[in-house]
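Visitor: Okay, here's the structure, questions in a sec.
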Amino acid sequence: LFTGMRISELLGLVWDDADLGAGTIHVRAQLSRAHRGVRPTRVAPKTRAAVREIPLVSQLREMLREHRANADHGEPGDWVFASQVGTPLGHRNAQRRALPRRQDVPGWRTAAGRRCASMTCATRSLAT
């Protein structure tokens, strides 16, 4: 939400993509959805414009540092958002379990509402 990234871009992040020293995330790939018999993989982003660098707000930078320090899978090629066994966190699990439940925000439970909130955050970060 703090970055304006699509859920598939967030789930496709590996630690190589996060430059916590410089305070940027390099969006280079996204996670494809798993299907029966097909595991999720890193694939090219949705559009050429989706390949970008995103500045991190200081709170998010610290949260990511702490997350990496406490992660069982914190090596450069490991998934930033990994399951307990080191595989990428799935789209459904992220949407149901990892995203905060925001009962007080109208429309938050819909994908369009979450995307709108994410785009608003991205637009505001570009304005500053």
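Visitor: Looking at region 45-82, which of its residues are farther than 16 Å from ASP16 by Cα, surrounded by 11 or more Cβ atoms within 10 Å (Cβ to Cβ) and aliphatic (A, V, I, L, M)?
Guide: Hits for region 45-82 are ALA50, VAL57, LEU60, MET63.
Visitor: Next question, about the same structure. I'm trying to understand the selection: among the residues of region 59-77, which are assigned to a helix (DSSP H, G or I) and under 16 Å from the mean Cα position of the chain (by Cα)?
Guide: Matches in region 59-77: GLN59, LEU60, ARG61, GLU62, MET63, LEU64, ARG65, GLU66, HIS67, ARG68.
Visitor: Could you please tell me which pairs satisfy a Cβ distance under 6 Å, a separation of 6+ or placement on different chains, a first residue in region 19-36 that is touching a residue at least 60 places away in the same chain (Cβ under 8 Å) and over 20 Å from GLU66 (Cβ atoms), and a second residue that is in a loop (DSSP other than H, G, I, E, B) and open to solvent by less than 30 Å² (accessible area, probe 1.4 Å)?
Guide: These pairs meet every condition: LEU31/GLY12.
The values are calculated or read from the model by the stated rules, or taken from the named source; none is laboratory data. Predicted model only: the values in this text are computed from it and were never measured. No Cβ is skipped: glycine too gets one built from the backbone with ideal geometry, and neighbour counts run over all protein chains shown. Keep in mind that these areas ignore ligands, DNA and RNA; they rest on the heavy atoms of the full protein, side chains included. Shrake-Rupley method; radii C 1.70, N 1.55, O 1.52, S 1.80 Å.
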